[in-house]
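Everything below concerns the one structure shown next.
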């Protein structure tokens, strides 16, 4: 392949990969995974999500829920009560994703010590301050 063709092929691959990367970035974002896992057990209210996810602010929860709804991962149902009762539930596409997320989080839990040890060894070898 000529150098000229390599550039064209690279542009095609990058153009195709960009939407995939965008979806993956959204789905595996810092707050998306815990929200999707928490919502997997059925409809869940905003306050239940807020209580179940350590460290998330109300604003970040609101933004992440809105983005996941926009991406077709969650449905938002507002019940006509006073005050309004709002519930979030996984869509079929997010239910399909759920088993992969469980696999990923299980893997991360199983290997977190190994990764931490590898980082420490790398930092020590390369003189990186912790």
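None of the figures in this text is laboratory data; all of them are computed from the coordinates on show. Keep in mind the model is a prediction, meaning the values are calculated, not measured. When we count neighbours, we look across all protein chains shown, and the Cβ atoms used for this are built from the backbone with ideal geometry, even at glycine.
Points worth noting:
- Looking at segment 27-100, the helices (runs of 4 or more DSSP H) lying wholly inside it that each contain 3 or more residues that are out of contact with any strand residue (DSSP E or B) (no Cβ under 8 Å at 6 or more places or on another chain) and in contact (Cβ under 8 Å) with a residue 24 or more places away in the chain sit at 32-38, 58-70.
- For segment 101-129, a tally of residues being loosely packed, with under 10 Cβ neighbours inside 10 Å and in a helix (DSSP H, G or I) returns 6.
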